[in-house]
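The values are calculated or read from the model by the stated rules, or taken from the named source; none is laboratory data. Quantities reported herein were computed from a predicted structural model and do not represent experimental measurements. Methodologically, a virtual Cβ is constructed for each residue, glycine included, from the backbone with ideal geometry; neighbour enumeration extends over all protein chains shown. Side chains are part of the model used for accessible areas, which takes the heavy atoms of the whole protein and leaves out ligands, DNA and RNA. Shrake-Rupley method; radii C 1.70, N 1.55, O 1.52, S 1.80 Å.
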Amino acid sequence: MNRSLSITTAILAVSIAVVIHSLSTFEGGPHNGPRPIPQEAVPIWQTSELHWFVRFFMGYLYGVLGHVATMTICPSVIDRHNPTEVLLAQECMKRGRSAEDIDLAPLEWMFDVNDVFIDRPQGERESGDPLRVTLLKKQKSPEIANHPNAPLILFLHGGGFTVRAVKKIQSMLIFDELLKLDGDGTMMDSATFAMVEYRLAPEHAYPAATNDCLLALNHLVKEMGLGKGGVHVAGSSAGGTLAMETTLKSLDIVDTFFVDEPVVPFPTTATADDNEEGEWTVDSPSVRRYAYSRMPPVSWLEWSLKAYTGIETVSGEEDNLTLGTITTNVDITGGAMTASEWIQKRNDIDSTTYLLPSILLPRLILVTAMGDPLRDGGLAFKEVYAEALRKEKELLEQNDSKIAKAKGQRADGLPISKAKHFETYSGHVGFYLFEPASFSIIMKEWYDEMYDVWQSRSRKR
């Protein structure tokens, strides 16, 4: 009996050791490559700021359930005019892109679903099929013609610009929560939730994804007449970055924008005084602290940055670079990380339109997360946008007939622009599943901002 117990104990010990080893490393992770890991890196189980379930379980399971890090061995630059090269690269990325197939339930079970296909401009038609935008509406909702004052929500999925990561799951959770918050359907009864299937890298480098998002927004608003009750842009992870740039370049359209844990590179020390082109990198204290992250893996973040900005991986050249320090000379935020750019875009609009409700800088809902390598990028954007709002306030106060300071409102009844920031603690995009109370609070805040806009538009009709 003792011998049987010893054998059972030994088998159990070996099994535990195998599980621990398999979870402590993952394909494409920092342990499996030649590059130095930042000295500040902390193992996931030691990150006390994380939600306990992510810290001890899910933080490790991400490396098994998600395979985006396997894409780091794939080419980061593809000649899309070479069909063989494209097919080989796509085959290499197949496992990493399998996240697109993850689904809680068919969207048709919960919403009315309709696809819209938009032709790209002449110069971009070589990029393939028309742009696909999937429109979700409340089941059996009234026709827009019978409910003209309905809002439009443009959703831009995440996935490092290279993967369509769980876009259906996030869309389902967000839109369903907004519909629940609306109760009797006062505002959201005919609302449209639009999912943009923008082009991915490395097949299509920057600014292809941004161009698709702008094309979708303009088509839905100006050609289809959607969004008369408010236009709201939302994006998660890489989609958050796209939401920033799309909003910056559409200030005459967008009323609020929801930016969830965006990919925000930082400028390096290169300056104009050096006569060098500016460079950006994801390197930051949060990238270094969370270098062991599986969601998202830092190695994949860097590969995606290269793929999105057209930087080819040259074998051996990066081996001595500390993980997270690769640079690019492309500003993938399109200027959204410069406060003066927000003010300049606002001022570029014809001064005769300054009384339109949409001309104020849009209200921002920003989410960052403890345990997320991208956290510091989101915090940096918070400061940039706060500075832009301060500059805007100064402009408004120079003409105080446009602002009712005591009420925090403009003369037309709309609230003065502001930003709200929420910090979660379940790692990258973890709050959707592991912090239901936080998710509900964040969605309620965004819903309230939408409602302010909707009420203002309703009064004017």
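General observations
- Every residue from region 78-98 that is assigned to a loop (DSSP other than H, G, I, E, B) and closer than 22 Å to GLY158 by Cβ: ILE78, MET93, LYS94, ARG95
- Residue within region 425-444 that is open to solvent by less than 40 Å² (accessible area, probe 1.4 Å) and modelled with pLDDT under 90 present: no
- Checked across region 124-140, the condition of being closer than 20 Å to CYS213 by Cα, part of a helix (DSSP H, G or I), at pLDDT 95 or above and among the hydrophobic types (A, V, I, L, M, F, W, C) holds for no residue.
- Within region 210-228, the residues that satisfy the criterion of being assigned to a helix (DSSP H, G or I), of a type in the set (A, V, I, L, M) and open to solvent by 20 Å² or more (accessible area, probe 1.4 Å) are LEU214, LEU215, VAL221.
- Some residue of region 149-161 being in contact with a strand residue (DSSP E or B) (Cβ under 6 Å, 6 or more places away or on another chain), over 30 Å from PHE266 (Cα atoms) and open to solvent by 20 Å² or more (accessible area, probe 1.4 Å): no
- The lone criterion from (1) in contact with a helix residue (DSSP H, G or I) (Cβ under 8 Å, 6 or more places away or on another chain); (2) over 30 Å from GLU40 (Cβ atoms); (3) not polar (S, T, N, Q) left unmet by VAL263 is number (2).
- Residues located in region 49-87, provided they are farther than 19 Å from SER304 by Cα and among the hydroxyl-bearing types (Ser, Thr, Tyr): TYR60, THR84
- Residue match in region 77-97 (condition: surrounded by 17 or more Cβ atoms within 10 Å (Cβ to Cβ) and at positive phi): no
- The lone exception for LEU396 - which of (1) modelled with pLDDT under 85; (2) part of a helix (DSSP H, G or I); (3) closer than 22 Å to MET337 by Cβ it fails: (3)
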